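Some notes on the structure that comes next.
Quick note: the coordinates plus some simple rules give every number you see, no bench work behind them. Just so you know, these numbers come straight off a predicted model, no measurement behind them. Backbone-built Cβ (ideal geometry, glycine too); neighbour counts: all protein chains shown.
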Amino acid sequence: MRWNRWAMLPVMAVVLGGMSRMPVAEAQGGMAATTPKSVQAVEAADAGRLGDKFAALAGAMAGKYDWRPMEGVRSVSDVFNLMLRENGMLTHVLEGSAMQPGAKMEPINDPARMQDALKASYAALQKTIQGMSDSQMQQSIKLFGREMTRENALMMMLSDQHEHLGQSIAYARMNHVVPPWSRRH
């Protein structure tokens with residue numbers, strides 16, 4: 001049987017997404033006296049952390065935007081631009097609005113512009129997530145030809161972005177760039 005990664009994404013998003021959003025004390029086996037947070041608060045915070053890390057890498061990788069590990073694989077710039085496209089698409093999906101047919105985003109290759117664009121796209125995504133009600137999160141939508149709830153679409157896309165963050169960290173390290181948040185002070 002051939003494994004289809006796209007078919008498994010919703011399952012992986014729920015399993016991995018739930019684990020990555022667990023309160024730290026609970027994840028470490030402790031009994032934390034934490035106030036439960038809404039899915040929207042947890043997901044918006046996750047989007048914020050992704051945005052901070054992608055923007056930091058966009059600055060740290062200045063001068064390396066054309067680098068790719070081999071022919072036929074996304075470049076540094078390609079990954080950052082993919083995050084911008086995904087955030088725009090996800091924001092539209094969550095809001096229930098249609099993207100402009102044929103709308104094409106011009107790739108950004110300037111590090112300062114990329115950092116600003118990443119920050120803005122994640123801020124817009126966070127605002128959309130925070131503005132959603134519980135009932136809106138449970139509404140059914142179609143994404144990549146599959147029926148799912150808005151919550152599942154959000155978890156699937158953010159989980160995918162975590163994979164791309166790992167890819168970007170690997171790209172940085174292969175170029176002898178230490179991710180800014182992991183530098184020793």
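Numbers at a glance
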item: Qualifying GluC sites (Glu not before Pro) in segment 47-155, DSSP loop, other Cβ atoms within 10 Å at most 12; result: 71
item: Ranking of 135, 121 by count of other Cβ atoms within 10 Å, fewest first; result: 135, 121
item: Order of 42, 178 under a 10 Å beta carbon neighbour criterion, fewest first; result: 178, 42
item: Anchor residue 37: lysines whose Cα lies under 23 Å away (excluding residues fewer than 8 positions away in-chain); result: 53, 127
item: Global geometry of segment 28-169, whether rounded, prolate or oblate, following the gyration tensor of its Cα atoms and the 1.5 cut on a/c; result: oblate
item: FRET E, pair residue 49, residue 183, Förster distance 22 Å, beta-carbon r, rounded to 0.05; result: 0.80
item: Where trypsin sites (Lys or Arg not before Pro) fall in DSSP loop in segment 92-185, at most 13 other Cβ within 10 Å; result: 104, 183, 184
item: Model label zone, residue 138; criterion: amide N under 20 Å from point 7 Å along Cα-to-beta-carbon; scope segment 36-66; result: 36-44
item: Long-range tail of P(r) for segment 85-183 (Cα pairs > 17 Å, %); result: 61 percent
